[in-house]
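Colleague: Okay, here's the structure, questions in a sec.
The values are calculated or read from the model by the stated rules, or taken from the named source; none is laboratory data. Every value quoted in this text rests on a predicted model; they were computed, and no experiment measured them. Neighbour counts run over all protein chains shown; Cβ positions are idealised from the backbone, glycine included.
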Amino acid sequence: MSEARKPQLVSDPHNLWKGSTGLRQAKRAKAELFQTLGVRVVPDDQKVEMAIKYLDKYRKEVRSFVMAMESCVKCGLCAENCHTYLGTGDPNNIPANRADLIRKVYKRYFTVQGRLFGSLVGAEDLTLDMLEKWYSYFYQCSECRRCGHVCPFGIDTCEVTFVGRQILFNLGIAPQLHTATGKAILETGNHMGLTKPGIEDTLEFLTEEIEEQYGWPIEFPVDKPDSDILYVPSSADFMLNPDTLKGAARFFQYVGANWTISSKIAEAGNFGYLSDQNRVQKELVNRAISEAVKLGCKKIVWGECGHGWRAAKMYIPTKSDYPDVDRIPITHIHDEVVEYIKAGALKLDKGRNPFSVTLHDPCNYVRACGLCDNMRIIMNAVVEDFREMHPCREQNFCCGGGSGILFDDPDMYQFRIEASLKKAEQIRATGAQVLCAPCSICKAQFYPMVKEHKLGVQVKGLIDLVGRALVFPDDQFEDDMEL
């Protein structure tokens, strides 16, 4: 990509947030939005003092953060493994340097040598300008954890940027996308602000589409009492990824599941995990269990969302206030499908997916949740020509839009193009016709990025491909894909 198209991050580290009309408003979302999230926006003259207090709080509570502050030797291995740095060339996007933005402050206020010798040991006073840098660079990190995967000391820079984002959120500093999404979560239980009538109307339309494609309809139960399974889809599946919802419905119908979708928790993602791990994240954690209990469900099955699955798998058992949390198992829909494949209980026709397909490994699946093998079991069962990217599995590169970096502002959109350069190279090298991206945020990133990089592939979810390959006795399959 030409130098003229690169964001000038080195000369002006804040330009991503100041370069066009409305970015200042996006940087500090409206005070009333924060009020709905239980946060009082801290005035500028108090921000530094409060940030230091929050930093003190989290250094005492988050041991992995302290490890990251005290163990890095600047070996540089993380640099060549960070898609953001490789795409932008900005030294502050090297994970070790990004962490240094907060490490300098940590040294200044919480180490003896920093208090005594200051800049001689790399310590630095916290200022409003430094808070601006935190905001810019901590929201350029997609929290992919590839740096932690290769670090010889096991330092996970994401723990640093998560702490930084939480401090900023507590001050009333966050992207408007995240705060508006948090508000929608609290009001409706999903990112899109979908109401129950809106959910039901969409599902009725999808029922008609399934009938047109396969010759008979499949119902989508909503808020059905005495269901065995609560299925939690991404709300993006109602708007952007309908084939993923249709694929899930066909799977549940095929295995004879007694399932339902809840209108109160139609969201597999959890933006609270990305900005506010207090109220916003906890709200969705609690809703999942409370809705399962209310509807009498014996199991929760999670839909295709990388960070959402990590949040559900790791935080529902630890952060839920409900005493019933331990008795309701939570599984991913990929794991459910694999159990039926292993049992030989699914009739699958690879010929319905005759095109060449490559698989993008969502970062939170493979580096946090161990979904590598099961995704490949499914791929090999439902497509004729599966082509691996290189590197893949735990060593994959991020899509460039992870952790909610999906801002459409011109400067940040340009950044998303840069951040996806490495992934675009991987996809192009496979020569595949279809890119399987089994995560709603990855899909949202890929839809425009495929066009920007002229990759010439269609983007599909993994459950999309399962739904196409499933063979019902009465199916009259009519292929609706045009490659």
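Colleague: Quick one: would you say residue 204 is in contact (Cβ under 8 Å) with a residue 60 or more places away in the chain, among the acidic types (Asp, Glu), over 19 Å from residue 300 (Cβ atoms) and assigned to a helix (DSSP H, G or I)?
Modeller: no
Colleague: Let me ask something additional. What is the number of the single condition among (1) without any contact (Cβ under 8 Å) to a residue 24 or more places away in the chain; (2) closer than 30 Å to residue 479 by Cα that residue 199 does not meet?
Modeller: Looking at each condition in turn, residue 199 falls short on (1).
Colleague: I'm told residue 323 meets every condition in (1) in contact with a strand residue (DSSP E or B) (Cβ under 9 Å, 6 or more places away or on another chain); (2) surrounded by fewer than 18 Cβ atoms within 10 Å (Cβ to Cβ) except one. Can you identify the failing condition by its number?
Modeller: Going through the list (1) in contact with a strand residue (DSSP E or B) (Cβ under 9 Å, 6 or more places away or on another chain); (2) surrounded by fewer than 18 Cβ atoms within 10 Å (Cβ to Cβ), residue 323 breaks only (1).
Colleague: Within the stretch 244-259, how many residues turn out to be more than 14 Å from residue 234 (Cβ to Cβ) and surrounded by 24 or more Cβ atoms within 10 Å (Cβ to Cβ)?
Modeller: Matching residues across the stretch 244-259 total 1.
Colleague: OK, next. So residue 160 ticks every box in (1) surrounded by fewer than 24 Cβ atoms within 10 Å (Cβ to Cβ); (2) not polar (S, T, N, Q); (3) not in a loop (DSSP other than H, G, I, E, B) but one. Which box is left unticked?
Modeller: Single failed check for residue 160: (1).
Colleague: Does the stretch 191-201 contain any residue that is crowded, with 22+ Cβ neighbours inside 10 Å and among the small types (Gly, Ala, Ser)?
Modeller: The answer is no, given that none of the residues of the stretch 191-201 is crowded, with 22+ Cβ neighbours inside 10 Å and among the small types (Gly, Ala, Ser).
Colleague: Residue 465 - would you say it is assigned by TED's automatic domain parsing to the domain that holds residue 376 and modelled with pLDDT under 95?
Modeller: no
Colleague: Identify, from the list 179, 157, 244, 161, the residue that is farther than 30 Å from residue 96 by Cα, touching a helix residue (DSSP H, G or I) at 6+ places or on another chain (Cβ under 9 Å) and either free of Cβ contacts under 8 Å to residues at least 40 places away in the same chain or polar (S, T, N, Q) (or both).
Modeller: Testing whether each residue is farther than 30 Å from residue 96 by Cα, touching a helix residue (DSSP H, G or I) at 6+ places or on another chain (Cβ under 9 Å) and either free of Cβ contacts under 8 Å to residues at least 40 places away in the same chain or polar (S, T, N, Q) (or both) leaves just 244.
Colleague: Of these, 92, 97, which one is within 18 Å of residue 156 (Cα to Cα), part of a helix (DSSP H, G or I), in contact (Cβ under 8 Å) with a residue 24 or more places away in the chain and under 28 Å from the mean Cα position of the chain (by Cα)? It would help to see each step written out before you state the result.
Modeller: Working: 97 fails: in contact (Cβ under 8 Å) with a residue 24 or more places away in the chain.
The unique qualifying residue is 92.
Colleague: Restricting to the stretch 70-117, give me the number of residues that are under 15 Å from residue 134 (Cα atoms) and not aromatic (Phe, Trp, Tyr).
Modeller: The initial filter retains those residues of the stretch 70-117 that are under 15 Å from residue 134 (Cα atoms), namely 90-106.
Cutting the leftovers down to not aromatic (Phe, Trp, Tyr) gives us 90-105.
Of the residues in the stretch 70-117, 16 are under 15 Å from residue 134 (Cα atoms) and not aromatic (Phe, Trp, Tyr).
Colleague: Which count do you get for residues in the stretch 109-149 that are surrounded by 20 or more Cβ atoms within 10 Å (Cβ to Cβ) and either part of a helix (DSSP H, G or I) or not assigned by TED's automatic domain parsing to the domain that holds residue 163 (or both)?
Modeller: Going through the stretch 109-149 one residue at a time, the tally reaches 10.
Colleague: Within the set of pairs 6+ apart or on separate chains, which have a first residue in the stretch 289-303 that is assigned by TED's automatic domain parsing to the domain that holds residue 229, a second that is part of a loop (DSSP other than H, G, I, E, B) and crowded, with 22+ Cβ neighbours inside 10 Å, and C-beta atoms under 7 Å apart?
Modeller: 291/262; 291/265; 295/262; 302/268; 303/233; 303/234; 303/268
Colleague: Same structure again: Out of the residues in the stretch 3-43 that are within 14 Å of residue 131 (Cβ to Cβ) and modelled with pLDDT of 90 or more, state the one that is farthest from the chain's Cα centre (by Cα).
Modeller: Ranking the candidates gives 43 first.
Colleague: Hey, could you check the stretch 48-63 for residues that are surrounded by fewer than 16 Cβ atoms within 10 Å (Cβ to Cβ) and under 25 Å from the mean Cα position of the chain (by Cα) and say which is nearest to residue 168 (Cα to Cα)?
Modeller: Taking the candidates together, the pick is 61.
Colleague: Out of everything in the stretch 308-326 that is among the small types (Gly, Ala, Ser) and at pLDDT 80 or above, what residue ends up being farthest from residue 182 (Cα to Cα)?
Modeller: Ranking the candidates gives 312 first.
Colleague: Now, a different point. Against the definition (under 27 Å from residue 361 (Cα atoms), in contact with a Gly (Cβ under 9 Å, 6 or more places away or on another chain), in the same structural domain as residue 213 (by TED's automatic domain parsing) and of a type in the set (S, T, N, Q)), how does residue 281 come out, yes or no? Quick ask: steps written out before the conclusion?
Modeller: Numbers: under 27 Å from residue 361 (Cα atoms): yes; in contact with a Gly (Cβ under 9 Å, 6 or more places away or on another chain): yes; in the same structural domain as residue 213 (by TED's automatic domain parsing): yes; of a type in the set (S, T, N, Q): yes.
Criteria met by residue 281.
Colleague: Given the conditions (1) closer than 16 Å to residue 455 by Cα; (2) in contact (Cβ under 8 Å) with a residue 40 or more places away in the chain, and given that residue 406 satisfies all but one, which numbered condition is not satisfied?
Modeller: It is condition (1) that residue 406 fails.
Colleague: Being over 23 Å from the mean Cα position of the chain (by Cα) and among the hydrophobic types (A, V, I, L, M, F, W, C) is the filter here, so list the residues in the stretch 293-329 that pass it.
Modeller: 293, 295, 297, 325, 328
Colleague: Applying the selection to the stretch 260-292, what residues are surrounded by fewer than 21 Cβ atoms within 10 Å (Cβ to Cβ) and either farther than 21 Å from residue 39 by Cβ or modelled with pLDDT of 95 or more (or both)?
Modeller: Answer for the stretch 260-292, where residues must be surrounded by fewer than 21 Cβ atoms within 10 Å (Cβ to Cβ) and either farther than 21 Å from residue 39 by Cβ or modelled with pLDDT of 95 or more (or both): 263, 264, 290.
Colleague: Scan 169, 238 and give me the residue that is outside the structural domain of residue 283 (by TED's automatic domain parsing) and either without any contact (Cβ under 8 Å) to a residue 60 or more places away in the chain or not small (Gly, Ala, Ser) (or both).
Modeller: 169
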